[in-house]
1. Can you tell me which residue among Glu401, Glu335, Glu365 is at pLDDT 95 or above, touching a strand residue (DSSP E or B) at 6+ places or on another chain (Cβ under 9 Å) and surrounded by fewer than 20 Cβ atoms within 10 Å (Cβ to Cβ)?
2. Considering only segment 230-249, state which residues are of a type outside the set (A, V, I, L, M) and within 29 Å of the chain's Cα centre (by Cα).
3. Could you check Arg329 against (1) outside the structural domain of Phe499 (by TED's automatic domain parsing); (2) of a type in the set (Lys, Arg); (3) under 26 Å from Asp474 (Cα atoms) and say which number it fails?
4. Could you list all residues from segment 123-150 that are under 31 Å from the mean Cα position of the chain (by Cα), surrounded by 17 or more Cβ atoms within 10 Å (Cβ to Cβ) and not acidic (Asp, Glu)?
5. Of all the residues that make up segment 50-95, how many are surrounded by 19 or more Cβ atoms within 10 Å (Cβ to Cβ), touching a Lys or Arg at 6+ places or on another chain (Cβ under 9 Å) and farther than 20 Å from Arg133 by Cβ?
6. Being touching a helix residue (DSSP H, G or I) at 6+ places or on another chain (Cβ under 8 Å) and either closer than 14 Å to Arg448 by Cβ or of a type in the set (A, V, I, L, M, F, W, C) (or both) is the filter here; which residues of segment 86-114 pass it?
7. Give the residues of segment 562-584 that are out of contact with any helix residue (DSSP H, G or I) (no Cβ under 6 Å at 6 or more places or on another chain) and either assigned to a loop (DSSP other than H, G, I, E, B) or of a type outside the set (A, V, I, L, M, F, W, C) (or both), sorted by residue number.
Amino acid sequence: MKEIMCLFTLAVLTAGCSMPSKNVLLQEWETPFETPPFDQIQNEDFKPAFLEAMATEKAQVQAIANNPEAPTFANTIEAMEQSGESLDRAGRVFSCLNGANTNEQLQAISKEMAPLQAQHNDDIKLNEALFARIETIYKQRDRLGLTAEQHTLLENTYLNFVRSGAALNDDDKETLRGINEELSKLYVQFRQNHLQQTNAIGLVIDKEADLAGLPDDVIQAAAELAKERSMPGKWVFTTQRPSFTPFLIYSERRPLREIVFKAYINRGNNDDEHDNKKLISRIAALRVERANLLGYKTHADYVLERNMAKTPDKVYTFLNDLWTPALKRAQQEIEDMQAIVDREGGDFKLQAWDWWHYAEKVKKEKYALDDAMLRPYFKMENVRQGAFDVAQKLYGIRFVERDDIQVYHPDVEVFEVLEADGTHIGVFYSDYFPRNGKRSGAWSSTLRSQSNIAGQFITPLVFNVGNFAKPTADKPSLMSMDEVETLFHELGHALNSLFADTVYSGSRRVPRDFVELPSQIMENWANDPAVLKRYALHYETGEPIPRELIDKLQRSRHFNQGFATVEYLAASFLDMDWHVLTDASERDAAAFEEASLRKIGLMDEIESRYQSTNFGHIFSSGGYASGYYSYIWAAVLDADAFQAFKETDLFNKELAAAFRKHVLSKGSNDTMAQYIKFRGAEPKVDALLERRGLK
């Protein structure tokens with residue numbers, strides 16, 4: 001029987017692949033660790049690769065569905081797990097490039113392929129013969145002697161098919177296909193609009209007097225950006241964070257701060273060809289229609305069913321419990337800033353575009369600390385090494401730079417990751433500077449996931465992307481404390497991928513409101529005084545950050561936490577409100593957002609962290625829709641988890657090993673049980689409230 005099974009698996013995996021493909025994306029890569037040969041991959045390779053790979057996977061799936069043998073875990077679930085490898089590989093490379101280094105040709109391919117891929121996915125998930133086999137195995141699951149991981153994979157596979165419409169009647173399946181196809185197109189359009197708006201120029205300065213208050217490095221960066229935009233002799237500021245944030249902090253020209261701020265918050269809301277208002281209204285309506293079709297009251301009910309939170313009511317209760325103390329803290333911060341405005345003779349009430357500027361003055365006044373004091377100690381390369389050192393001290397791993405692995409842009413650097421004994425773990429790519437072809441924000445993803453099917457251990461290829469301050473002609477990349485924490489954060493996600501140790505990658509499904517724990521816990525070490533002394537080195541002298549500055553950082557740890565929490569929670573409420581709608585009518589997006597934020601009592605001085613028209617987390621894909629709350633949900637977990645280290649030793653290797661084993665390396669559909677194995681009890685919110693100064 002084992003020999004027959006091996007022959008069947010071989011037939012499934014080779015179905016549709018009678019001759020080796022000439023397309024580089026579908027060939028075996030003779031590169032170090034089989035990393036993508038980016039110098040050989042051309043834009044025009046992607047479409048034929050996708051079409052060929054989809055045909056191959058379709059043949060593989062049909063072979064599984066039509067197998068005359070009785071359905072078993074091996075010939076159905078495991079065979080499904082092994083199918084579609086070429087499509088997955090080409091898709092990951094494309095996704096990486098389209099997010100971090102896109103161009104018009106890649107965007108056109110994305111727009112063309114999105115509906116075809118949606119149709120392809122539906123062809124698999126709505127295949128009646130295939131689902132019948134999966135359902136048969138699922139009903140027998142307790143009698144099959146499966147391992148815990150096999151049981152998890154089976155459950156994930158079955159529920160994925162059910163939640164994708166496999167149990168619907170034929171008419172409803174056709175309706176679902178139409179919804180999925182339309183959503184795929186809308187997501188692509190939102191992403192492309194968002195990229196255009198983020199790269200747009202927010203302000204052009206042609207008078208030197210209007211640079212008042214700006215540090216020299218900010219002025220130089222704006223001058224270099226102006227040259228790139230064919231405006232030599234001027235100064236350009238875009239709505240990318242490394243450009244607009246320093247302007248809002250330092251500029252003494254209040255009317256210009258207002259222009260830059262409004263350019264940022266109005267991305268996607270300018271009634272032009274890149275406007276997103278109708279797109280998001282349609283996306284929200286289609287999500288309601290799909291949820292109802294699948295038997296759910298709302299899209300949020302559909303999503304949260306498989307998250308730790310489980311229900312919309314529980315999410316709202318959680319957010320409301322934090323909202324009241326956060327508002328109170330933010331109101332105190334407003335009073336502190338208004339006092340400075342009044343003392344300086346400013347005849348105005350503080351507005352949202354004033355916050356960064358006057359918050360910085362409060363920090364300087366209360367803590368004798370400002371961003372300009374810290375940046376010289378946060379050279380990007382040193383910060384990255386500091387994050388690597390934390391991972392080494394916790395887990396014994398090493399990051400070794402490699403110059404023989406190809407990259408997709410000169411900004412990208414590559415490291416091999418090794419265990420203490422030299423065993424290869426995976427490959428890590430870092431890509432940290434903004435450019436026109438890169439979407440905003442920071443993220444972590446993989447070019448290949450870890451797996452170990454049939455004893456063939458596949459190691460992961462992981463990349464981190466950011467948009468940190470670029471080097472200038474005479475200065476390296478100097479980061480803000482917020483950017484430092486972001487770098488540590490994304491490395492935490494990378495460690496989660498690098499430490500994967502499962503047989504099936506499909507068994508590593510992690511609920512959205514748990515996935516930020518591995519990343520957010522790393523931020524805690526970024527601020528630790530002992531860690532700071534190691535990586536915060538002055539870019540000119542190499543001297544470590546003075547104890548005096550570290551003490552000021554520690555004393556200011558609650559600074560601006562009311563603002564940070566309120567703007568984040570406002571976006572979380574907005575996300576939930578868009579996804580607890582029960583009817584599929586299309587709303588006026590601007591009016592809906594205004595009503596949502598008015599309902600929770602958001603003050604005029606603070607804008608939501610994202611506006612609906614630029615809320616990429618929830619409208620550029622289905623990723624964080626009904627799940628933006630997960631960052632602060634996971635913050636409760638990470639504050640509690642880090643407390644375990646604080647109670648013993650920040651580099652307690654036994655604790656780190658337990659965290660790696662129970663949280664980072666394995667998948668589980670009961671993540672709270674996994675957390676309890678590490679911590680010994682469920683988390684409490686107290687550590688988070690204390691850390692943010694909200695108690």
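1. Answer to the selection: Glu401.
2. Residues satisfying the conditions are Phe237, Thr238, Thr239, Gln240, Arg241, Pro242, Ser243, Phe244, Thr245, Pro246, Phe247.
3. Condition not satisfied by Arg329: (3).
4. Ile124, Lys125, Leu126, Gln150 - these are the residues of segment 123-150 that are under 31 Å from the mean Cα position of the chain (by Cα), surrounded by 17 or more Cβ atoms within 10 Å (Cβ to Cβ) and not acidic (Asp, Glu).
5. Final tally of qualifying residues: 2.
6. Ser86, Leu87, Arg89, Ala90, Gly91, Val93, Phe94, Leu97, Leu106, Ile109, Met113, Ala114
7. Across segment 562-584, the qualifying residues are Glu567, Tyr568, Thr582, Asp583.
Yes/no per residue for (1) surrounded by fewer than 19 Cβ atoms within 10 Å (Cβ to Cβ); (2) in contact with a Cys (Cβ under 6 Å, 6 or more places away or on another chain); (3) assigned to a loop (DSSP other than H, G, I, E, B):
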{"residue": "Leu374", "(1), (2), (3)": "no, no, no"}
{"residue": "Ala387", "(1), (2), (3)": "no, no, no"}
{"residue": "Lys393", "(1), (2), (3)": "yes, no, no"}
{"residue": "Gln406", "(1), (2), (3)": "yes, no, yes"}
{"residue": "Pro410", "(1), (2), (3)": "yes, no, yes"}
{"residue": "Ala420", "(1), (2), (3)": "yes, no, yes"}
{"residue": "Gly426", "(1), (2), (3)": "no, no, no"}
{"residue": "Tyr429", "(1), (2), (3)": "no, no, no"}
{"residue": "Gly441", "(1), (2), (3)": "yes, no, yes"}
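The values are calculated or read from the model by the stated rules, or taken from the named source; none is laboratory data. On a predicted model such as this, the values are computed, not experimentally measured, just so you know. Cβ sites come from the backbone with ideal geometry, for glycine too, and all protein chains shown count toward neighbours.
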